Amino acid sequence: MNETLYVQLLNLAAGAFLLAAVLVLWRRELAVIIRVFAVQGAALAGIVAVLAGHEHSAELWAVAAGVLLLRATVLPVLLLRALAGAGTAQRETAPLVNVSASLLAAAVLTMIAYAVSKPLVDLAPSPATRAIPIGLTVVLIGLFVLVTRRHALSQLVGFLLMDNGITAIGFLTTSGVPLVVELGVSLDVLFAVLVLQILTTRMRATFGDTDLDELRELHD
């Protein structure tokens with residue numbers, strides 16, 4: 001893979017990775033949010049695949065396949081199953097911050113990410129490190145979703161966005177992480193989602209809803 005193609009493909013995958021995070025802020029339908037998260041998982045796998053092609057690394061190709069399977073297939077399927085068990089709560093009805101303000105916040109978070117990561121990029125400038133601010137932006141957007149959304153599944157997606165962003169930063173800063181490390185992290189995330197899916201199902205069975213505001217009113 002020549003350098004020009006490498007840069008173009010890396011920029012394309014990183015751009016799709018960031019765009020998916022912004023779309024999560026834009027949409028309120030939980031099924032759409034989960035599908036957008038699946039697209040982001042595919043974009044993350046694309047980033048790893050581009051690095052694998054550039055480094056001629058069979059291990060990275062295996063990691064890219066694993067990322068695609070877990071983050072673009074397995075996790076979204078688990079989230080959709082949890083959503084199916086949520087009954088009528090199929091939409092984020094009352095986020096703490098509206099869509100317009102959320103998109104504005106995303107722009108601000110992007111500028112913060114670029115400002116914070118500039119010293120790291122300047123330390124070792126390369127096409128991969130120049131994409132680090134995108135990974136950091138996704139982490140910040142995931143944290144924003146986690147804080148401002150009220151539905152349990154929306155908050156779970158926010159947590160997974162943060163994990164995707166951290167994973168992307170790891171790959172971009174090191175041009176890949178050992179396979180065993182990625183497998184360990186992925187299994188941790190998978191187990192966390194399985195536990196949260198069980199908790200969500202039990203919340204639905206016990207209280208009839210997974211909206212945190214509704215549960216708070218029930219407690220009061």
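Taking the conditions exactly as written (more than 21 Å from Ala38 (Cα to Cα), modelled with pLDDT under 90, in contact with a Ser or Thr (Cβ under 6 Å, 6 or more places away or on another chain) and assigned to a helix (DSSP H, G or I)), does Val121 satisfy them or not?
Values: more than 21 Å from Ala38 (Cα to Cα): yes; modelled with pLDDT under 90: yes; in contact with a Ser or Thr (Cβ under 6 Å, 6 or more places away or on another chain): yes; assigned to a helix (DSSP H, G or I): yes.
Against the criterion (more than 21 Å from Ala38 (Cα to Cα), modelled with pLDDT under 90, in contact with a Ser or Thr (Cβ under 6 Å, 6 or more places away or on another chain) and assigned to a helix (DSSP H, G or I)), Val121 qualifies.
For the range 120-127, check the following and say yes or no: at least one residue is under 24 Å from Ala42 (Cα atoms) and within 20 Å of the chain's Cα centre (by Cα). Within the range 120-127, not a single residue is under 24 Å from Ala42 (Cα atoms) and within 20 Å of the chain's Cα centre (by Cα). State whether the residues of the range 48-61 include one that is in a helix (DSSP H, G or I), surrounded by 21 or more Cβ atoms within 10 Å (Cβ to Cβ) and under 17 Å from the mean Cα position of the chain (by Cα). Scanning the range 48-61, I find at least one residue that is in a helix (DSSP H, G or I), surrounded by 21 or more Cβ atoms within 10 Å (Cβ to Cβ) and under 17 Å from the mean Cα position of the chain (by Cα), so the answer is yes. Looking at the structure I just gave you, is Glu55 touching a Gly at 6+ places or on another chain (Cβ under 7 Å), acidic (Asp, Glu) and at pLDDT 85 or above? When the stated conditions are applied, Glu55 passes them. Scanning the range 141-153 for residues that are under 12 Å from the mean Cα position of the chain (by Cα), crowded, with 24+ Cβ neighbours inside 10 Å and either under 16 Å from Ala94 (Cα atoms) or aromatic (Phe, Trp, Tyr) (or both) yields a single hit, Val145. More than 30 Å from Val97 (Cβ to Cβ) and either outside any helix (DSSP H, G or I) or of a type in the set (Gly, Ala, Ser) (or both) - does that describe any residue in the range 16-29? No, the range 16-29 contains no residue that is more than 30 Å from Val97 (Cβ to Cβ) and either outside any helix (DSSP H, G or I) or of a type in the set (Gly, Ala, Ser) (or both).
Say we look at the range 92-105 and pick out the residues that are of a type in the set (Ser, Thr, Tyr) and in contact (Cβ under 8 Å) with a residue 40 or more places away in the chain; which of these is surrounded by the fewest Cβ atoms within 10 Å (Cβ to Cβ)? Working first, answer last.
Applying the first criterion (of a type in the set (Ser, Thr, Tyr)) to the range 92-105 yields 93, 100, 102.
Those still in the list that are in contact (Cβ under 8 Å) with a residue 40 or more places away in the chain too: 93, 102.
Values: Thr93: 12, Ser102: 20.
Across the range 92-105, the extreme among qualifying residues is Thr93.
Scanning the range 156-187 for residues that are of a type in the set (Gly, Ala, Ser), at pLDDT 60 or above and part of a helix (DSSP H, G or I) turns up Gly158, Gly165, Ala168, Gly170. Before we move on, is Val121 closer than 20 Å to Leu10 by Cα and among the aliphatic types (A, V, I, L, M)? The answer is yes for Val121.
Which residue, of Val24, Val108, Val48, is free of Cβ contacts under 8 Å to residues at least 12 places away in the same chain, under 18 Å from Met162 (Cα atoms) and of a type in the set (A, V, I, L, M, F, W, C)? Don't jump to the end; show me each part of the working.
Numbers: Val24 fails: free of Cβ contacts under 8 Å to residues at least 12 places away in the same chain; Val48 fails: free of Cβ contacts under 8 Å to residues at least 12 places away in the same chain.
Step by step, each of Val24, Val108, Val48 is checked, and only Val108 is free of Cβ contacts under 8 Å to residues at least 12 places away in the same chain, under 18 Å from Met162 (Cα atoms) and of a type in the set (A, V, I, L, M, F, W, C).
Pairing each residue of the range 67-82 that is within 19 Å of Ile166 (Cα to Cα) with any residue that is of a type in the set (S, T, N, Q), provided the two are 6+ apart or on different chains, yields C-beta distances under 7 Å for Leu70/Ser186; Arg71/Asn164.
I need the full set of residues from the range 27-45 which are touching a residue at least 12 places away in the same chain (Cβ under 8 Å) and among the hydrophobic types (A, V, I, L, M, F, W, C), in order please. Can you show your working first?
Residues of the range 27-45 touching a residue at least 12 places away in the same chain (Cβ under 8 Å): 28-31, 33-45.
Hits for the range 27-45 are Leu30, Ala31, Ile33, Ile34, Val36, Phe37, Ala38, Val39, Ala42, Ala43, Leu44, Ala45.
Among the conditions (1) over 12 Å from the mean Cα position of the chain (by Cα); (2) part of a helix (DSSP H, G or I); (3) not acidic (Asp, Glu), the only one that Pro95 does not satisfy is (2). Here the range 124-155 is the region considered, the condition is being touching a helix residue (DSSP H, G or I) at 6+ places or on another chain (Cβ under 6 Å) and not in a helix (DSSP H, G or I), and the residue that is modelled with the lowest pLDDT is Arg150. Could we say that Glu214 is assigned to a helix (DSSP H, G or I), buried (at least 20 other Cβ atoms within 10 Å of the Cβ) and at pLDDT below 60 here? Against the criterion (assigned to a helix (DSSP H, G or I), buried (at least 20 other Cβ atoms within 10 Å of the Cβ) and at pLDDT below 60), Glu214 does not qualify.
Can you pull out every residue in the range 5-19 that is among the aromatic types (Phe, Trp, Tyr) and modelled with pLDDT under 95? Result: Tyr6, single match.
The values are calculated or read from the model by the stated rules, or taken from the named source; none is laboratory data. Fair warning: this is a prediction, and the values are worked out from it, not measured in the lab. Glycine also receives a Cβ, built like all others from the backbone with ideal geometry; neighbour counts cover every protein chain displayed.
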